[in-house]
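Right, one structure below, let's go through it.
The values are calculated or read from the model by the stated rules, or taken from the named source; none is laboratory data. Everything numeric here is computed off the predicted structure, so don't read it as measured data. With ideal geometry, Cβ positions are generated from the backbone for all residues, glycine too; neighbour counts draw on all protein chains shown. Just the protein is used for accessible areas: all its heavy atoms, side chains included, with ligands, DNA and RNA removed. Shrake-Rupley method; radii C 1.70, N 1.55, O 1.52, S 1.80 Å.
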Amino acid sequence: MNPPDATEQPPFKNQAASTDPHPYARLSPDQVLDALASVGLYGDGRLMALSSYENRVYQATLEDGERVVAKFYRPQRWSRAQILEEHAFAAELVEAEVPAVAPLLLGGQTVHQHGDFLFSVSPWRGGRTPELDDWEVLEWIGRFLARLHTVGAARPFAERPALDVQSFGEEPRDWLMAHAAVPLDMQSRWLDGCQRALKIIAASAYPSSAGGQFGIKNATQIRLHGDCHPSNILWTPLDEWGRGGPHFVDLDDARSGPAVQDLWMLLSGDRRQRTGQLSALLDGYEQFRSFDRRELALIEPLRTLRLIHYSAWLARRWEDPIFPVNFPWFGSSDYWSGQVDMLEEQIEAMQEAPLSV
């Protein structure tokens with residue numbers, strides 16, 4: 001089976017042909033500028049779409065030359081209360097001088113309504129992806145992650161969910177099966193691999209570096225960035241006053257979970273490389289906050305849950321016109337065969353000794 005053409009209907013039954021355009025298809029540049037004007041920000045007409053699949057995000061230049069970032073939240077993903085909780089967390093980070101970008105308070109609010117969309121406006125901050133092969137950069141990021149987690153541990157989320165096996169593994173698996181998202185020729189193989197992987201995770205049947213068993217349910221839950229991959233950390237060079245370094249963007253996936261969730265996506269390469277990167281991150285982290293080394297046993301389970309969740313995320317978003325265009329290979333038997341292979345690799349990895357530093 002060849003990857004679906006971007007213009008074809010996707011191969012799963014929840015996405016029946018519809019004459020109703022997706023809400024984002026109706027979000028025009030004029031609507032973006034009108035939304036900004038509704039909160040007293042008047043653009044000069046220059047808009048640039050920024051890379052974002054989950055939401056629609058635009059850099060706008062205002063009449064005075066200032067640049068801002070407007071985020072239009074995906075309808076029906078987060079409630080207003082959940083978005084406000086994310087904004088409150090960002091404001092706490094800024095107050096604690098953790099380098100994060102928080103939405104602007106406009107008219108006494110950070111969440112605004114325009115048409116079908118909730119939106120927020122943040123100051124524009126430049127930067128580039130950090131050089132993660134530089135140990136000094138990793139140590140610096142580790143220090144700031146520790147400070148972020150110190151703020152995150154101060155109180156729990158009341159509205160935002162936790163990262164757990166049910167929401168990131170079992171529910172996505174069940175949704176994919178119920179909506180026939182996996183081709184028939186790959187269904188049994190993928191489901192078998194998924195079931196075996198989730199059984200290992202749920203049973204905590206993998207070794208802990210501290211001895212015994214340690215699972216996600218055993219870890220201390222704190223407020224996290226939640227999606228701390230390299231593209232969500234921007235790096236600016238130091239100026240003559242010593243200002244610069246990393247700053248965190250996009251807290252859209254903030255939720256409760258173990259601290260290691262915000263570290264493992266910064267690791268890459270073979271085991272030796274990942275061990276060195278982790279050592280540098282923790283060298284910085286532990287200058288400000290202690291780290292429970294037992295959580296290192298959660299890296300591969302968390303990676304496995306992300307793998308399962310990602311496939312369901314793509315399938316759920318297929319009616320959004322940007323997804324078939326950018327992920328034309330999704331839904332093919334080749335895609336799902338690759339997912340089976342990765343699940344098998346993860347099953348092996350979860351039964352190996354975790355990284356230790």
Query raised in the report: Which whole DSSP H helices in the chain pass both tests: a Cα extent of 24 Å or more along the axis and a mean Kyte-Doolittle value no lower than -1.0?
Result: 135-152, 184-202, 299-316, 333-350
Query raised in the report: In whole percent, what relative contact order does region 52-130 give with Cα contacts below 8 Å and a gap of six or more residues?
Result: 31
Query raised in the report: Just the C-alpha atoms of the chain: what Rg/Rh do they give, with Rh taken as the Kirkwood radius?
Result: 0.97
**Report entry** Percentage relative contact order, the chain, counting C-alpha pairs under 8 Å, at least six apart
**Finding:** 23
Report summary line: The answer for the net charge of residues other than ARG160 whose Cβ lies under 9 angstrom from its Cβ, with Lys and Arg +1 and Asp and Glu -1, is -1
Query raised in the report: What part of the accessible area of the chain, given as a whole %, is carbon or sulfur when the probe is 1.4 angstrom?
Result: 50
Report task. For n ≥ 4 DSSP H runs only, could you compute -39500 (n - 2.57) per run for the chain, divide by its residues and tell me the 222 nm figure to the nearest 500? Result -> -11500 deg cm²/dmol
Query raised in the report: Averaged per residue, what accessible area in Å² does the chain show with a 1.4 Å probe, protein chains only?
Result: 46
Report summary line: Heavy-atom accessible area with a 1.4 angstrom probe orders SER122, SER28, SER51, SER356, most exposed first, as SER51, SER356, SER28, SER122
Query - Accessible area (Å², 1.4 Å probe, nearest 10) - MET48 - result: 100
**Report entry** Normalised contact order of region 114-236, rounded percent, pairs of Cα under 8 Å and 6 or more residues apart
**Finding:** 45
Query raised in the report: Given +1 on the Cβ of Lys and Arg, -1 on the Cβ of Asp and Glu, and no further charges, what dipole in debye does the chain carry about its Cα centre, rounded to the nearest 20?
Result: 700
Query raised in the report: Fully extended, how many nm does the chain gain between ARG243 and ASN326 (0.36 nm per residue separation, minus their Cα-Cα distance)?
Result: 26.2 nm
